[in-house]
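Let me begin by presenting the structure, written as structure tokens, before commenting on it.
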Amino acid sequence: MQKFKTRREVDMDKLSAAEDSAAKKLKAQGRSGEDIEQLLSSGDDFKTRRLQLGGKLYGFDSQSNPYGTKNQKSMYWTDEAGYQDVKSKFYKDGVWDREGVKNYLALPCYNRADVIDTATVTQPHTAVESTIGIATEQIGYTEGSYSTGMLGKIMSGGGSQITPDSKAISTVTRLTGTP
């Protein structure tokens, strides 16, 4: 099975002013060069944004995540406005359209988007915000003795993502009850 792949190519030696600013902020957060390139290839329209004390961050995850909640060091969160945007598009009559969420947030196949994890900003700081870009991956479906084989899947993206400083957010908890 091929890995999840973002479609945007990034030349780390020829970054735009916005990408360079985002890269510097990510480096100041302690992110590795590989992480910075990964984040820059995952979206566009990069900007830095001040997160305020007490602000909520949300991350869609899988109930079956063997590690429990979303990793506090994750680069992929959304803020309250981004969460409300996702909810307005994909939460109807008490049910989440998980496939819609996965496409809009370009979540890899192992992320079922069947739980929501939250964290709170514990120190005001500047984070990186961007619009999520297109991603692809290979997936297969099996039911009994029937299998589709490997199929290409395209996720359109379009949602927003926030990359906070992991040292300035709370421990991650799983949202319970009404989303």
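The values are calculated or read from the model by the stated rules, or taken from the named source; none is laboratory data. Since the structure is predicted, the reported quantities are computational estimates derived from the model, not experimental observations. Here the Cβ positions follow ideal geometry from the backbone for every residue, glycine too, while neighbour counts run over all protein chains shown. Protein only, heavy atoms only, side chains kept; ligands, DNA and RNA dropped before computing areas. Shrake-Rupley method; radii C 1.70, N 1.55, O 1.52, S 1.80 Å.
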Report summary line: THR120: passes all of (1) crowded, with 17+ Cβ neighbours inside 10 Å; (2) within 13 Å of TYR58 (Cβ to Cβ) but (1)
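Can you tell me which residues in the range 2-34 are among the basic types (Lys, Arg) and surrounded by 12 or more Cβ atoms within 10 Å (Cβ to Cβ)?
Keep residues of the range 2-34 that are among the basic types (Lys, Arg), which gives 3, 5, 7-8, 14, 24-25, 27, 31.
The answer is LYS5, ARG7, ARG8, LYS24, LYS25, LYS27, ARG31.
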Query - Subset tally (residues that are in a loop (DSSP other than H, G, I, E, B) and under 17 Å from LYS167 (Cβ atoms)) for the range 52-68 - result: 4
Report task. Look at GLN72 and say whether it is under 16 Å from LEU175 (Cβ atoms), open to solvent by 70 Å² or more (accessible area, probe 1.4 Å) and at pLDDT below 95. Result -> no
Report summary line: Exactly one of THR136, THR120 is of a type in the set (Val, Ile, Thr), under 20 Å from GLY68 (Cα atoms) and within 17 Å of the chain's Cα centre (by Cα), and that one is THR120
**Report entry** strands (runs of 3 or more DSSP E) (entirely within the range 94-151) containing at least 1 residues that are more than 17 Å from VAL172 (Cβ to Cβ) and touching a helix residue (DSSP H, G or I) at 6+ places or on another chain (Cβ under 6 Å)
**Finding:** 125-132
Query raised in the report: Given the structure, is THR126 over 22 Å from ASP44 (Cβ atoms), among the polar types (S, T, N, Q) and more than 17 Å from the chain's Cα centre (by Cα)?
Result: no
Query raised in the report: Any residue in the range 35-51 that is assigned to a helix (DSSP H, G or I), in contact (Cβ under 8 Å) with a residue 40 or more places away in the chain and open to solvent by 40 Å² or more (accessible area, probe 1.4 Å)?
Result: yes
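Anything in the range 1-34 that is in a loop (DSSP other than H, G, I, E, B), hydrophobic (A, V, I, L, M, F, W, C) and over 15 Å from the mean Cα position of the chain (by Cα)? List them, or say none. Write out each step before concluding.
Filtering the range 1-34 for residues in a loop (DSSP other than H, G, I, E, B) gives 1-4, 7-16, 29-32.
Checking which are hydrophobic (A, V, I, L, M, F, W, C) leaves us with 1, 4, 10, 12, 15.
Of everything in the range 1-34, those that are in a loop (DSSP other than H, G, I, E, B), hydrophobic (A, V, I, L, M, F, W, C) and over 15 Å from the mean Cα position of the chain (by Cα) turn out to be MET1, VAL10, MET12, LEU15.
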